[in-house]
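Engineer: Got a structure here, written out as structure tokens. Questions coming.
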Amino acid sequence: MAEPKKFSETFSHLLGQAIATYKTINAAGLFILLDSPMDWARLRKLTGEASVLLAATRKDVFDGADEFGFKSVLFDLTDASPIYDRMTRAILEAVADDLIMPGSRIIALYSGFEAAVIDSMSVINLGEHLERLTGKELRKIETKVPLRTLKTVVDLALEIGRDGREGKAVGTLFVVGDTKNVLHHSKPAGFDPVRGYKCKERSLMDQRVREGIKEVAQLDGAFIVSLDGTVVAACRLLDTSTAAITLSKGLGSRHWAAAAISRATNAVAIVVSQSSGTVRIFLNGEVVLRIEARHRRPMIWKEFEYEPPQGVPQ
């Protein structure tokens, strides 16, 4: 068992600020990202009746925490990963486990500057794009596509649905995962604008690549995306049967193609409606999530400026 982390004067002061903010804004809870256990009795004494959720990449970090009423979420990501990635993954896991309600606001404490030292605090608003996301739906989607890739593609789809391109509405289709099968069930619509580029030049994790994809989205055909977020091909015409597919009235050929490819393969299909900007996620031939892009607000992290008390090294 790892040694409990000692309460430094700096952390105690930061925790005090977090509790005060928690009460002021009526937050849904305190979210603490940990790399080792704490003095749970003291943490409970300082947090009082506040709802506290602990997050870590190792189960032993939580030893004894449940005795003091602390809930915990275990997530699979290395401690060397960027803090934004770790925090986002932990929050999505918490939503999946129904420990945090989509659309809520939480106070987060984490190591933002120095490893193993909790030195940062943020107010995190879970935007409206998560309001329809239930734990069951998120777990189903996660079995097909890593959450980081899913979030990146969905956010890009929402931007396209909300903003269009040069004032014009744009509809498009992303097919994520099971790329070999998807390519087998598709054919080129013409020139592939991503062909010949290196993998890193086709990664949706790069903001410049995402901006380029917005331009290409105006062309016919689907984007084929690998599990790590690399655009394998663009402008592909999907060739799968829609005989066993049933969709709501008013959905066009792009939605039927998305439903069919998600049924014929192990891929997840994400469609942007040209008429409304609505984003729909298809899994196994069915819509598992619908997001209204025009009402979308991103997950916002509001950083707090922190001044250590006198006498505490900075």
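The values are calculated or read from the model by the stated rules, or taken from the named source; none is laboratory data. Quick caveat: nothing in here was measured; it's all calculated off a predicted structure. Neighbour counts are summed over all protein chains in view; Cβ atoms, including those assigned to glycine, are modelled from backbone coordinates with ideal geometry. Accessible surface areas use protein heavy atoms only, side chains included; no ligands, DNA or RNA. Shrake-Rupley method; radii C 1.70, N 1.55, O 1.52, S 1.80 Å.
Engineer: Along each principal axis of its Cα atoms, how long is segment 39-121 end to end? Whole angstroms, biggest number first, please.
Structural biologist: 31, 29, 23
Engineer: In addition: What is the sum of charges around residue 242, taking Lys and Arg as +1, Asp and Glu as -1, for the other residues whose C-beta is under 14 Å from the C-beta of residue 242?
Structural biologist: Cβ neighbours under 14 Å give a net charge of 0.
Engineer: Roughly how many Å² of residue 70 are accessible to a 1.4 Å probe, to the nearest 10?
Structural biologist: Approximately 10 Å² of residue 70 is accessible to the 1.4 Å probe.
Engineer: So for segment 1-77, what percent of the C-alpha to C-alpha distances run longer than 16 Å?
Structural biologist: Beyond 16 Å sits 48 percent of the P(r) for segment 1-77.
Engineer: A further question follows. Once the whole set of protein chains is in place, how much accessible area is left on residue 206, using a 1.4 Å probe, in Å² to the nearest 10?
Structural biologist: Accessible surface of residue 206 is approximately 40 Å².
Engineer: Enter the accessible area of residue 22 (Å², nearest 10), with the probe set to 1.4 Å and all protein chains included.
Structural biologist: Probe radius 1.4 Å; accessible area of residue 22 about 40 Å².
Engineer: Any idea what % of Cα-Cα pairs in segment 203-297 are farther than 24 Å?
Structural biologist: Distances greater than 24 Å cover 20 percent of the Cα pairs.
Engineer: Using the Cα atoms of segment 174-253 to build a convex hull, what is its mean projected area in square nanometres?
Structural biologist: The number I arrive at for segment 174-253 is 6.1 nm².
Engineer: Taking a 19 Å limit on the Cα-Cα distance, which of the listed pairs 144/180; 151/180; 23/45; 168/200; 151/214 fall beyond it?
Structural biologist: Over 19 Å Cα-Cα: 151/180; 168/200.
Engineer: Kindly work out what percent of the DSSP beta bridges joining two residues of segment 1-121 are antiparallel, to the nearest 5.
Structural biologist: 15 percent
Engineer: For 276, 248, 104, give me the order by solvent-accessible area with a 1.4 Å probe, most accessible first, ignoring ligands, DNA and RNA.
Structural biologist: These residues rank, largest area first, as 248, 276, 104.
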